[in-house]
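Undergrad: Quick one: the structure is below, questions incoming.
Values in this text are rule-based calculations from the coordinates and carry no lab data. What you see is a predicted model; the values in this text were computed from it and never measured. In this analysis, Cβ positions are derived from the backbone assuming ideal geometry, glycine residues included, and neighbour counts consider all displayed protein chains.
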Amino acid sequence: MEVYKGMGEGSYKWLPDVDLERCTGCGMCAEVCTPKSLKIVNSDFAVLVRADTCGSEGHCVESCPDDAIHMEWVEMTGEHTAGEWKTVMRL
């Protein structure tokens, strides 16, 4: 498996970003997350605990009744085997 760590380029993955001010910890997002990338902490809020397994599908966004989750491009390294990735050249 290829790991992207090239100099001069950055890899970004499409991941859920949880707004902790809006999240009520209802657990709907964790329930619909097939790879179990999200976890509810202390019954208070959701946390992306396994960014590497996230499929970038957005089921968590659709399930959130509080509009507390949005997808965004997050810079990260790792295997490009799960989810949606993009690689950009840095100048």
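Undergrad: I need the full set of residues from region 67-91 which are free of Cβ contacts under 8 Å to residues at least 60 places away in the same chain and either farther than 26 Å from residue 20 by Cα or part of a strand (DSSP E or B) (or both), in order please.
TA: 69, 70, 71, 72, 91, listed by residue number.
Undergrad: Taking region 19-37 as the region of interest, how many residues are among the aliphatic types (A, V, I, L, M), surrounded by 17 or more Cβ atoms within 10 Å (Cβ to Cβ) and under 13 Å from residue 48 (Cα atoms)?
TA: Number satisfying all stated conditions: 1.
Undergrad: Out of the residues in region 8-18 that are assigned to a strand (DSSP E or B) and not charged (D, E, K, R), state the one that is surrounded by the most Cβ atoms within 10 Å (Cβ to Cβ).
TA: 16
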